[in-house]
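The values are calculated or read from the model by the stated rules, or taken from the named source; none is laboratory data. Computed from a predicted model, the values in this text were never measured in an experiment. All Cβ positions, glycine included, derive from the backbone under ideal geometry; neighbour counts span all protein chains shown. What goes into the accessible areas is simple: the full protein's heavy atoms, side chains included, and nothing from ligands, DNA or RNA. Shrake-Rupley method; radii C 1.70, N 1.55, O 1.52, S 1.80 Å.
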Amino acid sequence: MFESLDGAATGCYRIDYTWRDMALYALAVGADENDLMYTYEKNMKALPSFGVLPYFGAINTVPAKPKSFSGAYLAHQLVMKELGRTFPIGLHMGHELIMYRPFDPIQGSMVFNDTITRLYDRGEGKGIIVESECPVYDGAGRLICNNISRTLLPEGGGFGGPAPERGKLDYPGREPDVVIDETLSRTQNVLYRLTGDTDAHHVDPEVANEVTHGRGIFMHGLASFGFACRMLIKAFIPGEPERMKRMSVQMRAISYPGTPVQLRAWKTGEHSAIFRYLDMESGKAILDNCVFEWE
């Protein structure tokens, strides 16, 4: 079953960008007046998490996309076709970004193709988890980064595939080494949407209420990823974003515009840390079981 998903890919796309796109992305993930390194073209550096944009990118893509379409959406379509019924796609459950070289912050291209690489079976009535990989290359064909993403499809479980990996971390019993508090602006969702993920759930209250049970619009999961990435660089490798090598998160709760958030991180080695990114109103972890590594 689900043979059509094995190696299925969205197709190859390209996004050309300039320093304006870099600055917009940095602002969309919370850069402020002290972050000129990310927002001013003089001596600019790229936030590594800029590399997640192709995953849901629907702006300035060649060929053009009418809306966001990742490997998870492709899998959703193929599973519905095989099962012969429709159902809503589930939540983005986790994302990992592996860096191989820094982005040119002033001008460049991102060439990418998201491919379904694995299905995890959660059991009968519990759905499946789709894993896909979206490597990103520059215009010369050099690998910049790789995105490994996992998304829940709420139907199709019980097909006999491998069980999902738990990936639960043991956090230290001591206080974190780093605590950073920030507050999302009330238009943070709109600003992040301009970077390429145009899903209506993040801007249209009527559409969002179908997911949030009346709480309205909510933040993009990869916006939370970018917020945490920026905070971690500030804490562990300030002024040197090019040193980041890997960041992996589980997406555990929805975040809302205007919400106070907190990063709590524990250094686990000379070049590694584990962290949580929390909604301070609810106390819930937005991102949990998270790893950050640098060189």
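Of Met219, Met231, Met247, all but one fail to be open to solvent by less than 30 Å² (accessible area, probe 1.4 Å), under 19 Å from the mean Cα position of the chain (by Cα), more than 15 Å from Gln188 (Cβ to Cβ) and not β-branched (Val, Ile, Thr); the exception is Met247.
Rundown of residues vs (1) within 25 Å of Ser70 (Cβ to Cβ); (2) open to solvent by less than 20 Å² (accessible area, probe 1.4 Å); (3) over 16 Å from the mean Cα position of the chain (by Cα), yes/no style:
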| site | (1), (2), (3) |
| --- | --- |
| Phe225 | yes, yes, no |
| Ile237 | no, yes, yes |
| Ala253 | yes, no, no |
| Pro260 | no, no, yes |
| Trp266 | no, yes, yes |
| Ser272 | no, no, yes |
| Tyr277 | yes, yes, no |
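Contact annotation: residue pairs with Cβ atoms under 7 Å, 6 or more positions apart or on different chains, pairing a residue in the range 63-79 that is more than 24 Å from Asp16 (Cβ to Cβ) and open to solvent by 20 Å² or more (accessible area, probe 1.4 Å) with a partner that is of a type in the set (A, V, I, L, M) and at pLDDT 95 or above, are His76/Leu153; Leu78/Ala8.
Listed conditions (1) in contact with a helix residue (DSSP H, G or I) (Cβ under 9 Å, 6 or more places away or on another chain); (2) within 25 Å of Ile233 (Cβ to Cβ); (3) among the hydroxyl-bearing types (Ser, Thr, Tyr); (4) in contact (Cβ under 8 Å) with a residue 40 or more places away in the chain are all met by Thr39, apart from (4). Has the range 155-163 got at least one residue that is part of a loop (DSSP other than H, G, I, E, B) and within 24 Å of Pro54 (Cβ to Cβ)? No: zero hits. For the range 1-46, taking the residues that are outside any helix (DSSP H, G or I) and of a type in the set (Val, Ile, Thr), the one that is least open to solvent (accessible area, probe 1.4 Å) is identified as Val29. Contact map, the range 98-119: first residue under 28 Å from Gln77 (Cβ atoms) and among the basic types (Lys, Arg), second residue in a loop (DSSP other than H, G, I, E, B) and open to solvent by less than 50 Å² (accessible area, probe 1.4 Å), Cβ cut-off under 9 Å, separation 6 or more or different chains; pairs are Arg118/Gly161.
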